Each structure stands twice: as structure tokens, then as C-alpha cells.
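Following: one structure in C-alpha cells, then a few remarks.
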Amino acid sequence: MKAKVDRDECIGCGLCASICSEVFEMDEEGIAIVIADPVPADVKEEAIEAEESCPTGAISLEE
């Protein structure tokens, strides 16, 4: 599974990084970035939760 963040949509709330810090972190501009490619199998559920919780829909996951 691959995770992507649309930088134009991200508002920098940090929710994804707090839910799944193994896959997402905030960069120096306060925008979420993906730090694990592919998403590790043991945090797949957390990555899905981060995608579903994103208030702007900036996160997408692909198999």
C-alpha cells in the first residue's frame, strides 16, 4: 500500500501524524509528508484511520 499527501489540500492539522507516526510526519513548513513507502503491513489499519480522519481529504491510499 502506498500513501500520498496532496500538499495543496493539507492544512497542517497534524492529525495523520498523531494517528500514524510510522507513516506520516509534519515537515518544516507544517505540511504532512509520507515517511514510509510502502506503508508497513503492521500499521495498515492506522494509515487507513489517518486517511479517513483527514479533515480535508488530503491523504490517499492505494494498494
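Throughout, read-outs are computed from the coordinates displayed, never taken from laboratory work. Predicted model only: the values in this text are computed from it and were never measured. Using ideal geometry, Cβ is built from the backbone for each residue, glycine included, and neighbour counts are taken over all protein chains shown.
Every Cα-Cα pair in the chain was counted, and those over 18 Å apart are 19% of them. Here the relative contact order of the chain, from alpha carbon pairs under 8 Å that lie six or more residues apart, stands at 46 percent. Taken along the Cα-to-beta-carbon direction at a fixed 7 Å, the label points for CYS13 and GLU52 span 1.5 nm.
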